[in-house]
Each structure stands twice: as structure tokens, then as C-alpha cells.
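Quick notes on the structure that follows.
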Amino acid sequence: MITQRPGELQKKGLPAAFNQLTGQLFDNLPIAIYTCDKEGFITSFNHAAVELWGRTPEIGKDLWCGSLKIFQLNGDPLNPDNCPMARTLKEGVAIEGEEIIIQRPDGTRLNVQPFPVLTFNEAGELTGAVNTLIDVTEQRNSEGKQAMLAAIIESSEDAIVSKTLNGTITTWNNSAERVFGYTEQEAVGKHITLIIPKNRRQEEDEIIEKIRHGEKVEHYETYRLTKAGTEIPVSLTISPILNSKGEVIGASKIARDITRQKDAEESLQRYASNLETLNIVGKMISERLEVQDILQQVTDVTTQVTGAAFGAFFYNKFDEHGESYMLYTLSGAPREAFEKFGMPRNTAVFSPTFNGEGTVRVDDITKDPRYGKNSPHAGMPKGHLPVVSYLAVPVISKSGTVIGGLFYGHPEAGKFTSHHEVIIESVATQAAIALENAKLYEEIKKLNEKKDEFIGLASHELKTPVTSLSGYLQIINRRLPADDVNKGFIEKALSQINKLSDLISDLLDVSKIETGQLPFSFTSFDLAQLLHEVTEVMQYSTKTHRLVLNPGADKLMVTADKQRIEQVIINLLSNAVKYSPGADLVNISVSMADNKAVVAVQDFGLGISKEQQERIFTRFYRVEDMATHISGLGIGLFISKEIISRHKGRLWVESEQGNGSTFFFEIPLDQELT
Ligand code: ADP
């Protein structure tokens, strides 16, 4: 667009040809240029100026500037009569490159550097001014961007480093200094191997190779070397730096220090594995009832978990010298390592543990004020296992008694952490419970043994007088004439004595079972026949029930202890009658399956609930509500079970409370006689 005809410029008194040429030049110049008369009215402007302003000013009307709105660099409006052009005209001096902001009618703003210069005619009189406007917007924008980028890089939490393709460090931000310890001055210009551990140098070659091919390396987890010589875990993201032609000229590297993340991961892993260990320990010690076992387990596992060189459990015992702590279990060191030094005593170091005051954890016990205060050793005896790191946790029972203490040692300082403390304390609590259970169990076991001893002794002592009583009564009976009225009484007495003798025999059997001395003698006999005989004899003395035998076989030869099997059948039959007071039938059957003889005794009586079914085979166990009105000792099924299992057989019950019971036993037809 020609904004002013050459003829007009001619008016300013320039040669026509020159005017025409400059007119064209003026209009086509890529730089905005315009003129004002001495009053400041715009007299001419070129195409680039119109582009810049975003509008066409009115010749002779617009003052000083073609832009309607102008601002100072800080964003404050700039009054047009104070703009550089106005000031040049008013003050008569040229103003060079004083940057302003102009606003186009569409609202866009541009950074502009005006260069207004006064113009004079040939006579030297002021005619106005010519202004060149340089658009510096892009430059400013990229400067701004760069400044922002630099600020971002400097304030980044990650170390950001750039390097040339041959590995020379070219930039180094604040975080790089913080992470690696080298200042910018120390690092820039050096080779990147400055921070690469020796054994990882080939990693760099591989990375550079990728970068050369324009590839990015993301989240590469490795280790880098700090100025202090420590290796730290980092996650690297390395991107190629391209020049304007798209060629790779270097690499930018973002290194994230993942020490904390790694630590967190590790501690999480440690925590999980410790938890697992604790679970295992908990389970193991709760399943064990042997004190020695429990404590050895606890000492072994906790020594391992804490990474201690050795661990020990000391019992808190009182003896004639007062407190004395007895080494009970040891892990990580041979027993001799402790034995020659005598047991720890109530010294300043040990007493907090045995007094139950709490855990003692010291990074270096030899520097602890409590250490070395007691004679004769004033510290660890010579030759003692070297203890620097020290951890001691009391094992306290529910009632508050200090059972003992768990002690751990390591020859290096600072080995035990608060985390270890928490774990050991929790194991100590579990161990205390397990130990109390074990103690209770031991006591019960002892009481039981006493009871067994008594039963064995009592039944043995009772057996002799009852046998002789029965003998004398039989003699009297035989001597009495057949029609003597007293004969009936004697027979009743004899029957009661037989019952008493059976009870005593049962008690003796129980005691023999406990001591593993129940004798067996195997013979071959017909089980069907035996059942027949027993049923007949029992029916003879049972008036309330019909005992019905349903033999599955006429003959069933077995190798077994006949007397003992008879004892089992009698027991099951008498129970069936005894525990079905409202019924009048007991079914007995015998059959053969899989080379086994199976006997079933079915009643229609009280039945047994599911949870009681397991227990009725244990000795002296009787179902509560029956025990009150049906007499018994609760040993018949216990003896029967033992007898059947000694025949490598099985005794079981199928029952429902209130609906009768069926007791079964099966024994192999042939016993391997051993
Ligand atoms: P006892 O009969 O001397 O009590 P046992 O060892 O023979 O001892 O039986 C144990 C317990 O099992 C009995 O006290 C009773 O509660 C229960 N029991 C045994 N047989 C039966 C049965 N046939 N029906 C219901 N309960 C039974």
C-alpha cells in the first residue's frame, strides 16, 4: 500500500527522481516508518507501519503515533503527548530505542522500540520528525520464556544437567549441586564420569548411543556418585538436545534422587518380611508347649530379624545370693562364649530389663554412662563377646512378673533401630503368653501324672481285697444248703462285687494305657459267634431292652484279642441300654467290608451332639446332663478306643442329639502279629 503519493514528498523539496525512489523504498521497507510535521500530525507512513499499528491513521489528524493506545513497559498507560515522538518534537532531541508497548484495535500488544529523529528543510528549519518502529515482541517473548525456563530449571527439585555428546557437562542446576555435592563451577566443563561410579561407566556409553539416535531414555534407575564418594540411587530421564536443524548436539539429563523412595520401598519390604516372621513366630510359639522350644525359637528368629551377632534369653531367677539371671537359650554364639563369665548381675546396665522398666537400646554401650560401673570387671569381662550395639527387652507376664529378658549384641555401633525395638517388644509379649501357657501346661501335666499314679495305686490296692471278698463269699455260698434263704443275699452280694471288680479292672486298664502297659494277646476266633454269645449273656441280665443281633455273616474269623474285643462289645451294649432309658430296642450287626470286620450297635436313646462326639472318647469325659442321673466313670469308650486302635482299627459314632446313636468299630480280619 502506498500511503503517500511521491508527489506529496516532492513538496518537501526533494528531487523528483529521488523522491520517487525513496517513496517506493519507504513504502516497501519491512520496518515501520512514519513522519510527523512539527506539530506532531502524522504526515506519512508506510505499509509496515499500518501492519504494526493494525490500523491506518488519518493524515493530518492523528497525532504523534498511529497506535491509539500506548503503554509503558511496566504496563501503565502512556499519554500520547508523552510518547517518544511527541517528546522528540517538543524537546528537540532524538530518542533512541526507548521501548514502549502499543496496542492494536484487536487488543494484541506489541513491544516496540521507536527511533524518532527530527527533520529539517534546506533552510535548516524544523519540519517535523521521522520515526522508525522496531517490533521486538518476539525477542521479548523468547527472552521471557527463556528466563522462565531458567527459573524452572533452577528451582527444580530434580538435578538437571546438560552435556555435549562427548560427555562434557555444560549446565548444572541448583539441585544438581544439592544432590551430587559439586558446585556449578566445579562441574561445568568436567566430564560426566565425574558422577558415574566406575563399574557403571559402560551405562553412559549405552545412553549416549541412544541419544545420538535421537532416542529418549526414561526412568532409568541406577546409582550415581556424589562428591562425598557415596553412591545414591537415582532415576534418570535423558533427552537429546537438538539444534535448529534438528541435529543432536547434546543431552539433557534429569536425575531424581530416589534414596528416600528406595528407603521407603526397602523399609516396606522389611516391614512386610518382619511381619511375616512375627506371624510365623507367633504361630510356632503358640503351638508349642515346651518352654525350651519356645525360647529357642524366639531367640533364633529375633536374632535374625535384628541382624544381631548374637541373642540370648536370660531367666529372671532368685537364688540364695539374691537375683541371678540364668542363661537359657542362645543364638549366634556357642554356649561356652558365655559360660565362663558367670551370669549377669543386677548392675546398672541389666537392672532396667530385669526390673521390667522397659527396653534398653544403646548404639554404643561402652560409651553409656551406666556401663563399666561394677567390679570386678568394670565392663565386659575379658574375652567376652564384643558388644557395642546393645538391645535388651524384658519379657513380662500378664501379672507383671518379669520372666526374663531378651538380649542382643553386635560388635559394631548403631546396629539396632527403633523398628527392631518394636518387633522384639511384640515378640516378647507373645513369648510371655506362650511361656505362661507352657507353665500352666507343665503344671497340669504334673497334676495329671499325680492323678494317674493315684488311680494306678488305688485300683491295685482295691483289687486284692475285692478278689478275696469275692472268694470268701463264693465259699460261703457253696457251703450253704441249696434251700437256704441266705443264698439269695449272697448271690446279690457276689453280683455287686463283680460290678465293683469290673470297675476296678477298668481303672487299672486306664492306668496301664497311660503307661503303655495294656497287654494284648491275639488269637483267631469267630467274631459272629462272640457277638452271639455276648448278646445272649447281656440279654439275660437286661430286662428293659430287646437286644437284636442281625448277623451279616454266619461266621467271621478274625485275629484279635478275644477278651478285649468282648470288653468293647459289652461296653457298647451296656452304654446303648444305659443311655436309651425311654427305648426298648438295641440293634447289633456285624458285616465284612474291605477285609475288615465292622460291628455296629444302634440305640434309640438320648443321642450325642456333634461337639460332644469328639470328646466322649477321652478319658473321664461324660456328657454333662447325663452325668447327673446316669452313673458311670467316663472311661469305657476311652478304653474301647484304645483297644480298637491297638488292633489297627477304628471306633466311631454317628448320632444326633435326641435321636439315638450308632457306635461302630472296624478291625482288620488279620492282625499282623508283631
Ligand atoms: P460312662 O458310660 O461310664 O460315662 P463311657 O466312656 O462309656 O463312660 O461313655 C462316655 C460318655 O459318652 C457317657 O458318659 C455318655 O455321656 C456318652 N455316651 C456313651 N455311649 C452313649 C450312647 N449310646 N448314647 C448316648 N451317649 C452315650
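Points to keep in mind about this one:
- Simple point charges give the picture: +1 on the Cβ of Lys and Arg, -1 on the Cβ of Asp and Glu, and for the chain a dipole about the Cα centre of about 1160 debye.
- Residue-by-residue Karplus 3J(HN,Hα) for region 450-462, coefficients 6.51, -1.76, 1.60, Hz, glycine and proline x: 4, 4, 4, 4, 5, 4, x, 5, 5, 5, 5, 5, 6
- Cα gyration tensor shape for region 487-543, rounded if a/c is under 1.5, else prolate or oblate: oblate
- If you sort the three axes of the alpha carbon gyration tensor as a ≥ b ≥ c, you get a/c of 1.5 or more for region 519-576 and a/b no higher than b/c, which makes it oblate.
- Rounded tilt (10° steps) of 259-287 against the dominant C-alpha axis of the chain: 10
- Set 499/562; 445/641; 283/398; 317/450; 262/283 screened for pairs whose C-alpha atoms are more than 28 Å apart: 262/283
- Think of each Lys and Arg Cβ as +1 and each Asp and Glu Cβ as -1; about the Cα centre, that makes the dipole of region 403-546 roughly 580 debye.
- The heavy atoms of residue 326 offer some 70 square angstrom of accessible surface to a 1.4 angstrom probe.
- Tilt relative to the chain, helix 201-212 - C-alpha long axis, 0 to 90 degrees, to 10: 50
- Per residue, the solvent-accessible area of region 517-583 (1.4 Å probe, heavy atoms of protein chains only, all protein chains present) comes to 52 Å².
- Among 29, 418, 42 the positive-end extreme of the charge dipole of the chain (Cβ point charges): 418
- When the pairs 578/610; 163/227; 69/245 are compared against a 30 Å limit on Cα-Cα distance, 69/245 fall above it.
- Dipole of the chain, positive end: most advanced residue of 149, 362, 455 [Cβ charges, Cα centre]: 455
- The H on the amide N of residue 136, modeled in the peptide plane, is under 5 Å from the matching H of 111, 112, 113, each at least 5 residues off or on a different chain.
- For region 180-289, GluC sites (Glu not before Pro) are listed when DSSP marks them as loop and at most 12 other Cβ atoms sit within 10 Å of their Cβ; the list is 247.
- Converting phi to 3J(HN,Hα) with the Karplus coefficients 6.51, -1.76 and 1.60 and the offset θ = phi - 60°, region 138-150 yields 4, 4, 4, 4, 5, 4, x, 4, 5, 5, 5, 4, 4 Hz in sequence order, with x at every glycine or proline.
- Computed from Cα atoms alone, the Kirkwood hydrodynamic radius reported for the chain is 38.1 Å.
- Part-to-part distance (alpha-carbon centres) for region 264-282 and region 23-97, which is given in Å: 78
- Amide H contacts under 5 Å for residue 619: none, restricted to partners 5 or more places along the chain or on a different chain, H placed in the peptide plane at 1.01 Å from N.
- Taking a straight line from the alpha carbon of residue 463, these aspartates and glutamates sit under 19 Å away, with near neighbours fewer than eight places off in the same chain left out: 452, 453, 502, 506, 509, 514.
- Here the Karplus relation 6.51 cos²θ - 1.76 cosθ + 1.60, evaluated at θ = phi - 60°, turns the backbone of region 56-71 into coupling constants of 9, x, 8, 4, x, 10, 6, 9, 6, 8, x, 8, 6, 10, 10, 10 Hz, with x for every Gly and Pro.
- Annotation: residue 47 carries an accessible surface of approximately 80 Å², with a 1.4 Å probe and no ligand, DNA or RNA atoms counted.
- Within straight-line cross-link reach of residue 253, aspartates and glutamates at Cα separation under 12 Å, skipping those fewer than 8 residues along the same chain: 158, 204, 218
- Counting only alpha carbon atoms, the long axis of helix 636-646 and the longest principal axis of the chain meet at about 80°.
- Lys, Arg +1 and Asp, Glu -1 on Cβ, resulting dipole of region 137-179 about Cα centre, debye, nearest 20: 100
- Accessible area (Å², per residue) of region 71-138, counting only protein heavy atoms and a probe of 1.4 Å: 52
- Normalised contact order of the chain, rounded percent, pairs of Cα under 8 Å and 6 or more residues apart: 5
- Cα gyration tensor shape of region 443-534, rounded if a/c is under 1.5, else prolate or oblate by comparing a/b with b/c: oblate
- Here is how the number arises for the chain: DSSP H runs of 4 or more residues each give -39500 (n - 2.57), the sum is divided by the residue count, and the result at 222 nm is -13000 deg cm²/dmol.
- Apportionment of accessible area to carbon and sulfur, the chain, percent (1.4 Å): 54
- Region 542-556 and region 563-626: distance between their alpha carbon centers, rounded to Å: 14
- Loop-located trypsin sites (Lys or Arg not before Pro) in region 388-488, at most 11 other Cβ atoms within 10 Å (DSSP): 398
- Cut-off under 5 Å, modelled amide H: who pairs with residue 592 long-range: 598
The values are calculated or read from the model by the stated rules, or taken from the named source; none is laboratory data. The model shown is predicted, which means the values in this text are computed figures rather than measured ones. Positions of Cβ are generated from backbone atoms using ideal geometry, with glycine treated the same way; all protein chains shown enter the neighbour counts. The accessibility values were calculated without ligands, DNA or RNA, using every heavy atom of the protein model including side chains. Shrake-Rupley method; radii C 1.70, N 1.55, O 1.52, S 1.80 Å.
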